[in-house]
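This report concerns only the one structure given below.
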Amino acid sequence: MLVICFAITPEYSGMGVTPALIECAVSSAKEKGFAVIGGYARLQKNRVYYDYNSPVRFYEKAGFTEAAGQEGRVVMRKVLEGRAI
C-alpha cells in the first residue's frame, strides 16, 4: 500500500491531523493484509501549494524508515506484522 499525499487545510495545521491520518493508513493496510506500507515524504520545508507530501518526521514518528529518495522527496517504508516483500 502506498500513501501518495495528505492535504490538510491551514486551519487544521498543527492539530495532529497528519499523524492521525498516517496511523489510520497503517491500521487500514494491516487490516487489508498488506506486508508493507510506503509514503512519499518531503525533505525541504517549502510550502508550495502543489506539494502535499508530509515532512519526513511524521513518518519517522510512526515507525517508517527511508527506502529511496530523489529531488527533495523520499519514499518512507514500514514493514507490517514482521513481513516484508
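Between rounded, prolate and oblate, where does segment 2-79 land on the alpha carbon gyration tensor, with a ≥ b ≥ c its root eigenvalues, rounded for a/c under 1.5, else prolate if a/b exceeds b/c?
Values: a/c = 2.06, a/b = 1.26, b/c = 1.64.
Verdict is oblate for segment 2-79.
If you look for lysine pairs in segment 2-79 that are eight or more places apart or on different chains, how many of them have Cα atoms under 18 Å apart? Each step should come with its number before you reach the end.
Numbers: LYS30/LYS61; LYS30/LYS78; LYS32/LYS78; LYS45/LYS61; LYS61/LYS78.
Summing the qualifying lysine pairs gives 5.
For ARG42, ARG77, ARG57, which order do you get if you count the other beta carbons within 10 Å of each Cβ and list the fewest first?
So the ranking, lowest neighbour count to highest, is ARG57, ARG77, ARG42.
To check you understand DSSP bridge types, tell me what percent of the beta bridges within segment 2-79 (both residues inside) are antiparallel, rounded to 5.
Numbers: 12 of 16 bridges.
Expressed as a percentage, antiparallel bridges in segment 2-79 total about 75.
Here, each number is a calculation from the coordinates, and none is a lab measurement. All values derive from a computational prediction rather than experimental measurement. Backbone-built Cβ (ideal geometry, glycine too); neighbour counts: all protein chains shown.
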